[in-house]
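None of the figures in this text is laboratory data; all of them are computed from the coordinates on show. Bear in mind that the values here come from a model prediction, so they are computed numbers and not experimental data. Using ideal geometry, Cβ is built from the backbone for each residue, glycine included, and neighbour counts are taken over all protein chains shown.
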Amino acid sequence: MRERTIKQRILLFFVLLIVFALCGCAEEIVDYPARTMPDGILKDKIQLKSGESLFMDKCASCHGKPGEGRSDRAAFFEPPAPDFTDAHYQRMDPAYLYWRIEVGKSIEPFRTQGSVMPAWGMHLTEQQLWQIVAYLQVRAH
Ligand code: HEC
C-alpha cells in the first residue's frame, strides 16, 4: 500500500514536470544558442537610447504602437507581430530574443507558420542586436 503511494507520487511528479515543461514558455521549446547579455546594458542610457532608435527605425512598423508608425498592414499578420510592452518580455531569456531578431522567419518552425519577421543578423552588428534586446526588456512593463 505504502509502496503504491510512493509510485503514484513519482508518477505525479513526472506528469507535473511535463505539464510545466509544455506550458512554461513557448520559446523554450525551440533550441537556440546560449548567450550572455553584456553586463550593465539594461542600465546604460546611451545603449538603451540606441536600441530605442533602432526599434523605431526598423521594428515599430510591425511591433510598435499606433503612434509609433505601426503600419495598417500589421493587423493582417498571421502569426501576429507581438507587442513588446507585454510584461512577459521583461522575464524572457535575452538569448532567445537575440536569436529571434537574428534569424527571424528564416528557420523552422517560424517559416512554416507563415511568419513575416525579417532576419536582422546580416544587417545589424552584435552590439546593435544587444542594444535592441535591452531596449525591448526595458520597454516591457
Ligand atoms: C514586417 C514586419 C516585422 C518587422 C519589420 C519586424 N518584425 Fe519582429 N516579428 C514579426 C512577426 C509577424 C512576428 C511573429 C512571428 C514570429 O515569431 O516569427 C515577429 C516576432 C518577433 C520576435 C519573437 C517574439 C516572441 O515572442 O517569440 C522578436 C523578438 C521580434 N519579432 C523582434 C523584432 C525586432 C527587434 C525588429 C526590428 C529590428 C522586428 N522584430 C521587426 C514581424 C516583424
Practice task
Evaluate the distance, in nm, between pseudo-label points positioned 7 Å from the Cα of K65 and of I6 along their respective Cα→Cβ axes.
Solution key: 5.8
Practice task
Identify which of F76, F110, F13 has the largest mean-square fluctuation in a Gaussian network model of the chain, with springs joining Cα atoms closer than 10 Å.
Solution key: F13
Fill in the blank from the handout: Connecting every pair of Cα atoms under 10 Å apart in the chain and solving the GNM, the largest mean-square fluctuation among L42, L54, L12 falls on L12
Fill in the blank from the handout: Scalar couplings 3J(HN,Hα) for the stretch 36-49 by Karplus 6.51 cos²θ - 1.76 cosθ + 1.60 (θ = phi - 60°), nearest whole Hz, x for Gly and Pro, are 10, 5, x, 4, x, 5, 5, 10, 8, 4, 5, 5, 5, 5
Exercise for the section: Using just the alpha carbons, could you tell me how many Å³ per residue the convex hull of the chain encloses? Expected result: 154
